[in-house]
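Take a look at the structure set out below.
What follows draws every value from the coordinates through simple rules; no lab data is involved. The shown structure was predicted, so the numbers you read here are calculated from the model rather than taken from an experiment. Glycine also receives a Cβ, built like all others from the backbone with ideal geometry; neighbour counts cover every protein chain displayed.
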Amino acid sequence: MTKKLAVALSLFFALSVLSGVAQSPKKPKAETAKKAAAADTKGPELPYTPSLDLTSMDKSVDPCVDFYSYSCSGWKKKNPIPADQVGWSVYGKLYEDNLNFLRGILEEAAKAKAGRDAVTTLIGDYYGTCVDEKVIEKRGAAALKPDLDAVAGLKSVHDLAPVLARLQLRLPDTALLFGASSQQDPDDSDSEIAGFDQGGLGLPDRDYYVKDDDKSKEIRARYVLHVQKVLELIGETAEAAAKDAATIMSMETALAKASLTRVERRDPYKLKNKMKLEALEKLAPHFDWQSWLRVGEVPKFEILNVTAPAFFTEVDRQLTEEPLDHWKTYLRYHVANADAQYLSAAFVQESFDFYRKYLRGAKEQQARWKRCVQWVDRDLGEALGKAYVRQAFSPELKASTLDMVKRIQAAMELRISELDWMSPETKQQAILKLHAMRNKIGYPDRWRDYSSLKLTAGDFLGNVYRASAFENRRQIDKIGKPVDRSEWGMTPPTVNAYYNGQMNDINFPAGVLQPPLYDAKMDAAPNYGNTGGTVGHELTHGFDDEGSQFDAKGNLKDWWTKDDKEKFQTRTKCVADQYAGYVIVDDIHINSKLTLGEDVADLGGEILAYIAWKDATKGLYLKSADGLTPEQRFFIGFAQWACANERPENQRVQAMTNPHSPPYARINGVVVNMPEFQNAFSCKAGQPMVNPPLKLCRIW
Ligand SMILES: [Zn+2]
């Protein structure tokens, strides 16, 4: 019973979590960051950075040779990666500014003074128990005891289901053994049904368990040491812990082998396996589903969906073949590992050492307050978001960004009608879908009601459990109900955006519509290049290889003619071939089957933004500035969203888990396909930023 199963959520930016204890499904979370020098300042103001920054450029680089370096080398030089970060970027920096700002709100809210309203009390108390490390330290592993006792008390493998149901309900961000929640019915986007998904791993992806190269073997060996360390922290002897760690690794490896790959999960038909409860009971007959449903208080349902049936067959095999002791070991470790970040210093340190330091390359732990602000955002995001929006998102800003979105939609309609490869029948359906697409800008129309959530002073882990149980309960209770199309999948301060294919909506939180991404003080050129491109990116997701399989209502239903689909695939193959040639780190190339949807969206989005910008400024005399033409400023604005420095360790994780290409490829890979760019910078045939006509990719 984990967070909402989002099978069709397309984000703009990489997912990267605080701990890296990554399992699916999971709530999206942008990577966060902060400059060490300013680590302890806080204030109510969000700092200003312009959407086109000349000092971020390096004019000694020829834009026709390497446009990303031309636009971003200055930024890279003046923005080394802070010690507590796994990478550093324009997006990460903006999110860090938001954290700093939210910290001011939370510290004020945490002061126990009379007259605090309910929302202030809630976020203040959560934050207050989180930063009180003295109390957390004193309790040590004791906070875990009730859960560990429940696991130790298991009398048979058959008794596992009710214990698991209780644990799954309250563990945040973790699919303990498997994921379960409500999900939109793929065939009827108005209904919520029950959904079951793979999970149960401690490494960020199933590929870590099966790859045969030396680095993967090294990571597995290091992971086993981590498991051992966690078990020792909860009281096992080194000898017992080493033996148990090997057991856990073997169980997880078998689960990983039965899990779908990330590329397979991009096919919505693979994820659709609707059945009745009796069929799930046949898939895993040795799991006591009835007890699990009863203890989890899951509403009655007729139909459920299993995203990965083979995974549940494997769970069942282990239920019959693994002895009770192995199951106790497996659960003991996973509960302690998932909770480690919220426990005393020794647990926090081990979690950091493996997930952020070893796996992703961070040098230092993030300050406590920073982690606490992010957990409030994750668990109580619409309470905290209200305060953020009041300060950072004016009605004028909402109106101007909405105007931009509408112009991009108009550009898409124009492009569709002009396409020479798409038939009139498919065009008609595409335009129908475009018109049905819903825009969500800034924040939800209706804020979530947290009034039933009660927190306890001095009990941080308990409060994490309570907040997580509140959210998981809210998701489970949707089963059998109509879909709420006004709901958001991201909190307002989030620096990210998404398209949801089953909702057929594009979502731009207030956090992503801030300078330097959207800069109300700047003229249209860099803003359209930057935020306009993001809007176009999300919009085209409705029509990419994944999104195009859902119709205007969000149902999984093919609306393309066969011939058009083939032409579309030929065109997207051009993009896949191009990106497969790019290197991420060392000798690791982009897995362009994984990144295809995002690469196509990046290209399409920028083309739409360019058309919309020309339309928005039609009849106006656009001046050059700082020796740059308006067209050049449009493209530099585009490139500067992606300025970033990355640690090689994190690049390796990204190569396996991130459906987006690395920043330089997200810029150079787009402009090589845009004659508009080549005209703007007078690039010549044969130069690196000019794809030859035969290799020029164009979908939209
Ligand atoms: Zn995307």
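Please report the Cα spread of the stretch 148-226 along all three principal axes, rounded to whole Å, starting with the longest.
Computed over the stretch 148-226, the largest-to-smallest principal extents equal 47, 38, 22 Å.
Summing Lys, Arg as +1 and Asp, Glu as -1, what charge do residues with Cβ under 13 Å from the Cβ of Val65 carry, Val65 excluded? Walk me through the numbers on the way to the answer.
Values: positive: Lys59, Lys684; negative: Asp58, Asp62, Asp66.
Summing Lys and Arg as +1 and Asp and Glu as -1 gives -1.
Can you compute log10 of I(q)/I(0) for the stretch 439-479 with the Debye formula, treating each Cα as one identical point scatterer, at q = 0.18, 0.23 Å⁻¹?
Each listed q maps to, in turn, -0.66, -0.85.
Report Rg(Cα)/(2.2 N^0.38 Å) for the stretch 113-246, keeping two decimals. Write down the numbers at each step before the final one.
On the way: Rg = 20.0 Å, N = 134, 2.2 N^0.38 = 14.1 Å.
In units of the globular-protein estimate, the stretch 113-246 measures up at 1.41.
Percentage of Cα-Cα pair distances in the chain greater than 47 Å, rounded to whole percent?
Numbers: 35872 of 244650 pairs.
Cα-Cα pairs of the chain separated by over 47 Å account for 15 percent.
With contacts defined as alpha carbon pairs under 8 Å and 6 or more residues apart, what's the relative contact order of the stretch 95-209 in percent? Mind dumping the intermediate values first?
On the way: 70 pairs, mean separation 14.8, N = 115.
In percent, rounded to a whole number, it is 13.
Normalising by the residue count of the stretch 166-293, find the relative contact order in percent from Cα pairs under 8 Å and 6+ residues apart.
Details: 91 pairs, mean separation 22.5, N = 128.
Relative contact order of the stretch 166-293: 18 percent.
Mind scanning Lys145/Lys300; Lys272/Lys565; Lys155/Lys282 and naming the pairs with a C-alpha gap bigger than 28 Å? Show your work: numbers first, answer last.
On the way: Lys145/Lys300 32 Å; Lys272/Lys565 21 Å; Lys155/Lys282 24 Å.
Over 28 Å apart, Cα to Cα: Lys145/Lys300.
Within the stretch 86-191, which trypsin sites (Lys or Arg not before Pro) sit in a loop by DSSP and count at most 10 neighbouring Cβ atoms inside 10 Å? Each step should come with its number before you reach the end.
On the way: sites: Lys93, Arg103, Lys111, Lys113, Arg116, Lys134, Lys138, Arg139, Lys155, Arg166, Arg170; in loops: Lys111, Lys113, Arg116, Lys155.
Those satisfying the criteria are Lys111, Lys113, Lys155.
Using a Debye calculation, one point per C-alpha and no hydration shell, please list log10 I(q)/I(0) for the stretch 55-101 at q = 0.27, 0.29, 0.30, 0.32 Å⁻¹ in order.
-0.94, -1.00, -1.03, -1.09
For the stretch 329-399, max minus min Cα coordinate along each principal axis, in Å, sorted largest first?
Here the spans come out as 54, 28, 19 Å, largest first.
Under 22 Å Cα to Cα from Lys521, which lysines show up? Leave out anything in the same chain fewer than 8 places away.
Cross-link targets: Lys93, Lys398, Lys406, Lys614, Lys618, Lys623.
How about the stretch 254-327: which GluC sites (Glu not before Pro) there lie in a loop by DSSP and see at most 13 other Cβ atoms within 10 Å? Could the numbers behind the result be given before it?
Numbers: sites: Glu264, Glu278, Glu281, Glu297, Glu302, Glu314, Glu321; in loops: Glu297, Glu302.
Qualifying residues, ordered by number: Glu297, Glu302.
Under the Kirkwood approximation applied to all pairs of distinct alpha-carbon atoms, what is the hydrodynamic radius of the stretch 438-556 in Å?
That comes to 16.7 Å for the stretch 438-556.
Alpha carbon centre of the stretch 177-203 versus the stretch 407-433: separation in Å?
Distance between centres, Cα-based: 33 Å.
Can you tell me the Rg and the Dmax, both Å, for the Cα atoms in the stretch 500-655?
So, for the stretch 500-655, Rg and Dmax equal 17.7, 51 Å respectively.
Provide the three semi-axes, in whole Å and in decreasing order, of the ellipsoid equivalent to the stretch 590-658 as defined by the square roots of 5 times the Cα gyration tensor eigenvalues. Please list the in-between numbers first.
Numbers: eigenvalues 212, 55, 8 Å².
Equivalent ellipsoid of the stretch 590-658: 33, 17, 6 Å, largest first.
Please report, to two decimal places, log10 I(q)/I(0) for the stretch 77-126 at q = 0.17, 0.24, 0.25, 0.28 Å⁻¹ as given by the Debye formula with identical point scatterers on the Cα atoms and no solvent.
Log10 I(q)/I(0), no solvent term: -0.62, -0.84, -0.87, -0.99.
Just for the Cα atoms in the stretch 256-386, what are the lengths along the principal axes, largest first, rounded to whole Å?
The Cα atoms of the stretch 256-386 stretch 49, 43, 34 Å along their principal axes.
Could you work out the helix-only [θ] at 222 nm for the chain, with each DSSP H run of four or more residues adding -39,500 (n - 2.57) and the total divided by the number of residues, to the nearest 500 deg cm²/dmol?
Details: 26 runs with 338 residues, N = 700.
Helix-only estimate at 222 nm: -15500 deg cm²/dmol.
To the nearest 10 degrees, how steeply does helix 424-436 sit against the main Cα axis of the chain, on a 0 to 90 scale?
So the inclination is approximately 60 degrees.
Mind putting a number on the dipole of the chain about its Cα centre? Charges go on the C-beta only, +1 for Lys and Arg and -1 for Asp and Glu, and I need it in Debye to the nearest 20.
920 debye
Please report, for the Cα atoms of the stretch 248-310, the Rg to one decimal and the Dmax as a whole number; what are they, in angstrom?
In Å, with Rg to one decimal and Dmax whole: 13.7, 36.
Net charge within 9 Å of Glu598 by Cβ-Cβ distance, Lys/Arg positive one each and Asp/Glu negative one each, not counting Glu598 itself? If you can, show how the numbers build up before the last one.
Working: positive: Arg666; negative: Asp544, Asp599, Asp602.
For residues surrounding Glu598, the net value is -2.
Quick check on the chain: of the DSSP beta bridges with both residues there, what percent are antiparallel, nearest 5%? Walk me through the intermediate numbers first.
Details: 24 of 32 bridges.
Among the beta bridges of the chain, antiparallel pairing accounts for roughly 75 percent.
So what's the net charge close to Glu546: Lys and Arg +1, Asp and Glu -1, counting the other residues with Cβ under 9 Å from its Cβ?
-2
Measure of size requested: the Rg and Dmax of the stretch 364-418, with Cα atoms as the atom set and Å as the unit; please supply both.
Reported Rg and Dmax, both Å: 18.3, 54.
Which loop trypsin sites (Lys or Arg not before Pro) in the stretch 275-310, with loop taken from DSSP, have no more than 13 other Cβ atoms within 10 angstrom of their Cβ?
Values: sites: Lys276, Lys282, Arg294, Lys300; in loops: Lys276, Lys300.
Taking the stretch 275-310 and a limit of 13 other Cβ atoms within 10 Å, the loop trypsin sites (Lys or Arg not before Pro) found are Lys276, Lys300.
Roughly how far apart, in whole Å, are the Cα centres of the stretch 485-520 and the stretch 294-364?
So the separation of the two Cα centres works out to 30 Å.
Give me D for the stretch 628-674 in µm² s⁻¹, whole number, from Stokes-Einstein with Rh from the Kirkwood sum over alpha-carbon pairs, 4 °C and 1.567 mPa s.
Details: Rh = 12.1 Å.
Rounded, D is 107 µm²/s.
Which ³J(HN,Hα) values, rounded to whole Hz and listed in residue order, are derived for the stretch 155-161 from phi using the Karplus coefficients 6.51, -1.76 and 1.60 in 6.51 cos²θ - 1.76 cosθ + 1.60 with θ = phi - 60°, glycine and proline given as x?
Taking θ as phi minus 60°, the curve returns 9, 7, 4, 4, 6, 5, 4 Hz for the stretch 155-161.
What is the diffusion coefficient of the stretch 188-227 in µm²/s, taking the Kirkwood radius over Cα pairs and the Stokes-Einstein relation at 10 °C with a viscosity of 1.306 mPa s? Walk me through the numbers on the way to the answer.
Values: Rh = 12.6 Å.
It diffuses with D of about 126 µm²/s by this estimate.
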